[in-house]
1. Using the structure shown, select from A:Lys212/B:Lys89; A:Lys3/A:Lys60; A:Lys212/B:Lys212; B:Lys89/B:Lys139; A:Lys7/A:Lys122; A:Lys89/A:Lys139 the pairs with a Cα to Cα distance greater than 19 angstrom.
2. For the modelled label position 7 Å from the Cα of A:Ala235 along Cα-to-Cβ, which residues of the stretch B:88-127 have backbone nitrogen atoms closer than 20 Å?
3. What does the C-alpha gyration tensor say about the overall shape of chain A? Classify as rounded when a/c is under 1.5, otherwise prolate if a/b is larger than b/c, or oblate.
4. What is the gain in length, in nm to one decimal, between B:Lys65 and B:Glu114 on full extension, counting 0.36 nm per residue of separation less the C-alpha to C-alpha distance?
5. Could you pull out every residue, at least 5 positions away or on a different chain, whose amide H is within less than 5 Å of the one on A:Val53? Hs are placed 1.01 Å off N in the peptide plane, and Pro or chain starts have none.
6. Roughly how many whole Å is it from the C-alpha centroid of the stretch B:41-111 to that of the stretch A:168-203?
7. With each run of n ≥ 4 DSSP H residues scored as -39500 (n - 2.57), what mean residue ellipticity at 222 nm is computed for chain B after dividing by its residue count and rounding to the nearest 500 deg cm²/dmol?
8. Under 12 Å from the Cβ of A:Leu78, count the other residues' Cβ atoms, weight Lys and Arg +1, Asp and Glu -1, and hand me the total.
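Derivation of every value follows stated rules applied to the coordinates shown; laboratory data play no part. Keep in mind that this is a model prediction, so the values were computed, not measured. Every residue, glycine as well, gets a Cβ built from its backbone with ideal geometry; the counts of neighbours run over all protein chains shown.
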2 protein chains.
Amino acid sequence: VEKALAKKAISYGTIEPESVLGECDVLIACLYPSALASWIEQYQHAFKPGMLVMEISGVKSNVLKQIEPVLQPQTRFLSVHPMCGRESKGIEHASARIFDRSNFLIIEEERTLEDDMQWAEKFAKELGCARISRLGAKKHDEMIAFLSQLTHVIAVCLMNANDDISLSRYSGDSFRDLTRIADINATMWAELFLQNKEVLLDQIGSFENAMKAFRTALENEDREGMEEMMRTSKARRENFVKTDGKTS
Amino acid sequence: VEKALAKKAISYGTIEPESVLGECDVLIACLYPSALASWIEQYQHAFKPGMLVMEISGVKSNVLKQIEPVLQPQTRFLSVHPMCGRESKGIEHASARIFDRSNFLIIEEERTLEDDMQWAEKFAKELGCARISRLGAKKHDEMIAFLSQLTHVIAVCLMNANDDISLSRYSGDSFRDLTRIADINATMWAELFLQNKEVLLDQIGSFENAMKAFRTALENEDREGMEEMMRTSKARRENFVKTDGKTS
């Protein structure tokens, strides 16, 4: 709280939720996913009537499954995911610029209110997000398992695959790019992986199959097979750049 | 040649090597590795006496094995590897800035002359390279298999693992970083992979084992095992940043 005040990131802070919850119109809950349901259960009695609870965790289906039995029917609740996390943690690394041109996801489920989604869209735009999308929790978790969790697993495994530290003298940009996210918050990511276990295992399996196909082509000196995989890769990557808008 | 002249990248150009080779003090051969030996064989008769041949291919042991039987004993020869390739090809993408602060490797083998290595070091400094190292061909190929070839294989396999193009709407920076190099020159990389086949297969195997260890930990909900791998990854990555000098 002291650091946030010093940074002028907040105008008031407390570690006693009940002392302020009665005045809050919106609560943005930024907790570890596993802590969320019990936190809501504990403090819900103090929520201002009509307050919107917006949570931002990186996995959704399991989190919603844990929260829904706890939520009182009158509590307005929205799940969002700003796609702009950084590998560092702590308020020392806080930056308002992480939202610039990033993707912002809104989870639309049966109980989600149109008004709340529109409010979140406006909020995301003010933060500077470029593309704001709505999607269901299941689709979100499949997507995140592939685009974010699998990439983190890969970066970690790449760093674990070779213990020759002297190699760092020679690294080029490709290795730097692939392993930037290997500088990881182990506690948080272990939790995200476990909360999305089955979906992530599927994605790891697909990736392992693709690696195996490539290795087999190399073993057989199947130049055409390797080139075909690279052409597929190139074409899909170009599509990503196009759809995505960011060019690098 | 016309494009290079228009860009003022060269002061004179020709596609008839014999017309200029007699005047060249240094020849920088930038050919596909498999084309190098036969090119030298064909044009060596026209080399200026004492000329230095410097080749820049991305794999070394196999290339040297092919070149050495062809080289006349009096030909000065040096193998180098500027670690600053880009994913695009063609003179349209040429840029003098790619050398800025990058790593430059000089291959030191039995026949390598100290004078030639010193000349290359000076040359690399003038290009703007930050760290200039000497190492043997075998060590180079092991290092490059891990730091560069494996990372390209991973990026390609990641793009091949999922054909849901709609995912691009949601991608964050981690996926963008990992797949930048998936926009790949298929012909050149297939050749580099094949020229370094056994070493690359070893590195792919190590990575596959690391992936399997992670997958098993996730299957068993072994949180401590996953966190341990992430801590190892984080510590190694920090060492890379430190040794490497580049911070991102």
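1. Details: A:Lys212/B:Lys89 28 Å; A:Lys3/A:Lys60 30 Å; A:Lys212/B:Lys212 12 Å; B:Lys89/B:Lys139 27 Å; A:Lys7/A:Lys122 25 Å; A:Lys89/A:Lys139 27 Å.
Going by Cα-Cα distance, A:Lys212/B:Lys89; A:Lys3/A:Lys60; B:Lys89/B:Lys139; A:Lys7/A:Lys122; A:Lys89/A:Lys139 fall outside the 19 Å limit.
2. B:88-89
3. Working: a/c = 2.11, a/b = 1.82, b/c = 1.16.
Verdict is prolate for chain A.
4. Numbers: separation 49, 0.36 × 49 = 17.64 nm, distance 2.08 nm.
Residue separation times 0.36 nm, minus the Cα-Cα distance, leaves 15.6 nm.
5. Here A:Leu27, A:Arg76, A:Phe77, A:Leu78 satisfy the definition.
6. The stretch B:41-111 and the stretch A:168-203 have Cα centres spaced 35 Å from each other.
7. Details: 10 runs with 118 residues, N = 248.
Computed ellipticity for chain B at 222 nm equals -14500 deg cm²/dmol.
8. On the way: positive: A:Lys60, A:Arg76, A:Arg111, A:Arg134; negative: A:Glu55, A:Glu108, A:Glu109, A:Glu114, A:Asp115, A:Asp116, A:Glu121.
It works out to a net charge of -3.
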